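The values are calculated or read from the model by the stated rules, or taken from the named source; none is laboratory data. Computed from a prediction, not measured in an experiment: that's the story for all the values here. Cβ coordinates were reconstructed from backbone atoms using ideal geometry, including for glycine residues, and neighbour counts include every protein chain displayed. Just so you know, the surface numbers come from the protein's heavy atoms only, side chains and all, with ligands and any DNA or RNA stripped out. Shrake-Rupley method; radii C 1.70, N 1.55, O 1.52, S 1.80 Å.
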Protein chains: 2
Amino acid sequence: MVIIGSGNVANHLMMACYNNPFIKLVQVFSRSKNQLPDWIPHATIIDDLAQLKEANLYILAVSDNAIAEVSSKLPFTNRLVVHTSGTMPMTLLDAKNHRGVLYPLQTFSKTKNIDFKKVPLCIEAENEAALKLLQELASNWVDNYYLISSEQRKVLHVAAVFVNNFVNHLYKIGKDICENNNISFEILKPLIMETADKINYLSPIDAQTGPAKREDTITLNEHLKIITNDNQKEIYKLLTQSIINHG
Amino acid sequence: MVIIGSGNVANHLMMACYNNPFIKLVQVFSRSKNQLPDWIPHATIIDDLAQLKEANLYILAVSDNAIAEVSSKLPFTNRLVVHTSGTMPMTLLDAKNHRGVLYPLQTFSKTKNIDFKKVPLCIEAENEAALKLLQELASNWVDNYYLISSEQRKVLHVAAVFVNNFVNHLYKIGKDICENNNISFEILKPLIMETADKINYLSPIDAQTGPAKREDTITLNEHLKIITNDNQKEIYKLLTQSIINHG
């Protein structure tokens, strides 16, 4: 395969190729060599699309707004080209090549390694042969892959915003509340880990506890008196009401 | 020590005494013997407060609204009695004994074991001797304990509602969104685990990503079109605005 891009996702994909006997990383396209993992042979790094060699698969791990342009600039036709976006439709890719999507549903940071085997891959392809190749790749790369249409992928991205971005924002509020009262945020970390781990054993609706679930209005009113920040108060009210109404 | 109660917290405290050479479980008070761990000797289980023996510490692991009554019914004075509540003040305990609090900040379920060593213990006591005993106990029981006043504990409980109850509710919404679109919730679980694990490496504000953080209004509006449920839409809007305003 060839990986085009040098951002977070591109880097994690490259790392995930290391020592995988099924995958041969033919080339990496990047405008700056020093953003790439050390072990990538310099001879395989290119910065000009004209130098692209033949490969079974070209992965465009570029930003959403670069997908259309980069895919149209590829100097070949009828090869398999996929993007890695959670939101963009497969058809954003130039139709001169066989199109597909390989979306790793995970949050990647520069500074934190990840076990790529555990990353769920969402795959989609516009024809049978392409889908077969992506399935073969995915099954040799990760524990679980899923066939997800462009429409489903969009919805999945919304769900990911709730369980990742919004959850992380609640962690931030928890930290703010602690620090405004001279309490170490460390004290909440085991609870945060256990809350997440519980979903591996219980459905979230069965795992729910607390004053909203119990409709314990005494505690709920007490909490609203303790919260001095208006924004936190609004969030407390809305999420409490949502738990009361929907479990 | 003596443990009074047979609910979730009481049971996890009992389990955490097992094989700990520092702790001697003198008695357990419970109205029903079959709710207790198997290994507890039947001779140490009592169901009448009058049978209570002498001990260094009496832990009242009972529901919030039973604390005052049970503590006043204890047939002795000037001994150390603590409750385990996240919300109730230490002074709810009857003043005839030395009062304190031992609040394990974790979510306990009946069906899931927990490594008690990792549970943060919040301790408080009304005098030096009592505090010293609780500190000695806590340091032999868990990795990290914290001195937390009744006022701080109330605030901490609010923070815990944000990072536990509310976070779990967002997991529930993520699951609902998936299932309404024939997508397996399994696909979100690695993301949920990684989002939690990240706080061990990054401050939540630095870990934040996504369309709200980028103020990517195109994606935000797209998402609002995809979300058909009014309650989810309101939560999406409020949390997005909170991320935009507060990071």
Residue list for the range B:151-210, restricted to those being facing chain A (nearest Cβ under 7 Å) and among the aromatic types (Phe, Trp, Tyr): B:PHE162, B:PHE166, B:TYR171, B:TYR201
Long-range neighbours under 8 Å by Cβ, at least six apart or interchain, first residue on the phi < 0 side of the Ramachandran plot within the range A:11-34, second among the basic types (Lys, Arg): A:ASN11/A:LYS110; A:VAL26/A:LYS53; A:GLN27/A:LYS53
Qualifying positions in the range B:57-73 - over 22 Å from B:VAL119 (Cα atoms) and at pLDDT 95 or above: B:ALA66, B:ILE67, B:ALA68, B:GLU69, B:VAL70, B:SER71, B:SER72, B:LYS73
Only listed residue being part of a loop (DSSP other than H, G, I, E, B) and either in contact with a strand residue (DSSP E or B) (Cβ under 7 Å, 6 or more places away or on another chain) or open to solvent by less than 60 Å² (accessible area, probe 1.4 Å) (or both), chosen from A:SER72, A:SER109: A:SER109
Filtered residues of the range B:25-52 (kept if exposed (fewer than 11 other Cβ atoms within 10 Å of the Cβ), under 19 Å from B:PHE76 (Cβ atoms) and in contact with a helix residue (DSSP H, G or I) (Cβ under 9 Å, 6 or more places away or on another chain)): none
Members of the range A:137-150 that are under 20 Å from B:ASN182 (Cβ atoms), in contact with a helix residue (DSSP H, G or I) (Cβ under 9 Å, 6 or more places away or on another chain) and assigned to a helix (DSSP H, G or I): A:SER150
Single residue of the range A:123-143 satisfying the filter (in contact with a strand residue (DSSP E or B) (Cβ under 8 Å, 6 or more places away or on another chain) and of a type in the set (S, T, N, Q)) that is farthest from the other protein chains (Cβ to nearest Cβ): A:ASN127
Residues being aliphatic (A, V, I, L, M), more than 15 Å from A:ILE205 (Cβ to Cβ) and assigned to a helix (DSSP H, G or I) - total across the range B:169-187: 1
Counted residues, the range A:208-233 - those being in contact with a Ser or Thr (Cβ under 8 Å, 6 or more places away or on another chain), free of Cβ contacts under 8 Å to residues at least 12 places away in the same chain and of a type outside the set (S, T, N, Q): 1
Criterion: more than 8 Å from every other protein chain (Cβ to nearest Cβ) and in a helix (DSSP H, G or I) - qualifying residue of B:ASN245, B:ASN221, B:ASN231: B:ASN221
Qualifying positions in the range A:12-48 - under 18 Å from A:VAL70 (Cα atoms) and under 23 Å from the mean Cα position of the chain (by Cα): A:VAL28, A:PHE29, A:SER30
Count of residues meeting criterion [out of contact with any Leu (no Cβ under 6 Å at 6 or more places or on another chain), assigned to a helix (DSSP H, G or I) and either open to solvent by less than 10 Å² (accessible area, probe 1.4 Å) or free of Cβ contacts under 8 Å to residues at least 24 places away in the same chain (or both)] in the range B:118-136: 5
Criterion violated by B:THR209 - all others in (1) under 25 Å from A:LEU156 (Cα atoms); (2) in a helix (DSSP H, G or I) satisfied: (2)
Qualifying residue in the range B:153-162 (condition: touching a strand residue (DSSP E or B) at 6+ places or on another chain (Cβ under 8 Å) and free of Cβ contacts under 8 Å to residues at least 60 places away in the same chain): no
Count - residues of the range A:85-104 that are out of contact with any strand residue (DSSP E or B) (no Cβ under 6 Å at 6 or more places or on another chain) and part of a loop (DSSP other than H, G, I, E, B): 7
